[in-house]
Amino acid sequence: MRHRMLAVSAVLGILLLAGCRASAVPGSAYASAGATARSSTAPSAASPASPVEGTAPASASPAMLTVRKTPAGFVLANASGYTIYWFARDHRGSPRSACTGRCLLDWLPVAGHPVAAKGVRLNAVLGTITRPGGMVQATYDGYPLYTFGSDSAPGQAHGNGAAGVWHVIPEKGPASSAVGGSW
């Protein structure tokens, strides 16, 4: 009986671990191989689990940045059209993000080296920081970038103004020759 309980516990532990890996911020440095991310592709059916700081990084792919019309106006978005946010508690140009631990339950770091989508010109310096565990996170004008876990479809901006510290990054619309602006 004891061996059977140990075997069941081991199987449950493996299934639990596999489930966490399959749903952990797909496409980011925290995801398992083969998963796709809302931060780079369409959302998955399962809601993502919080990434664990210190998890071994996956290879960093480019973080494609574009502009999308939302209820908040034209804003910076990822290649899938999900709104990108900045966190007021982050310090411009700092090598570290203030969004750690429980913050990562709702705010997903934009993983990879940022590049502007074809035909999009951004008026800010694109860069990266390295999070604990080695994940490369995209930055815009020195601020780390995030998507919001409650934005369930492209073009939503439910996180804008959240807790007074989460904000969209306004950009000029496609009618302008140079997409960008002060924020």
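The values are calculated or read from the model by the stated rules, or taken from the named source; none is laboratory data. Computed from a prediction, not measured in an experiment: that's the story for all the values here. Backbone-built Cβ (ideal geometry, glycine too); neighbour counts: all protein chains shown.
Descriptive notes on the structure:
- For P132, the criteria (1) touching a residue at least 24 places away in the same chain (Cβ under 8 Å); (2) in a strand (DSSP E or B); (3) not basic (K, R) hold in every case but one, which is (2).
- Looking across region 100-127, just one residue is without any contact (Cβ under 8 Å) to a residue 24 or more places away in the chain and in contact with a strand residue (DSSP E or B) (Cβ under 7 Å, 6 or more places away or on another chain), and that is G127.
- When the residues of region 64-93 are filtered to those that are out of contact with any Phe, Trp or Tyr (no Cβ under 9 Å at 6 or more places or on another chain), part of a loop (DSSP other than H, G, I, E, B) and of a type outside the set (D, E, K, R), the one that is farthest from A124 (Cα to Cα) is P71.
- Selection within region 137-155 - crowded, with 19+ Cβ neighbours inside 10 Å, more than 9 Å from the chain's Cα centre (by Cα) and either over 18 Å from P114 (Cβ atoms) or among the aromatic types (F, W, Y) (or both): Y140, Y143, D151
- Cβ pairs under 6 Å, 6+ apart, first in region 77-95 and over 13 Å from Q137 (Cα atoms) and surrounded by fewer than 20 Cβ atoms within 10 Å (Cβ to Cβ), second at pLDDT below 95 and of a type in the set (D, E): none
- Those residues of region 113-135 which are among the charged types (D, E, K, R), more than 13 Å from E171 (Cβ to Cβ) and more than 16 Å from the chain's Cα centre (by Cα), in sequence order: K118
- Criterion: free of Cβ contacts under 8 Å to residues at least 12 places away in the same chain and more than 13 Å from the chain's Cα centre (by Cα) - qualifying residue of H158, H167: H158
- Members of region 96-123 that are in a loop (DSSP other than H, G, I, E, B) and buried (at least 20 other Cβ atoms within 10 Å of the Cβ): S97, C99, V110, G112, L122
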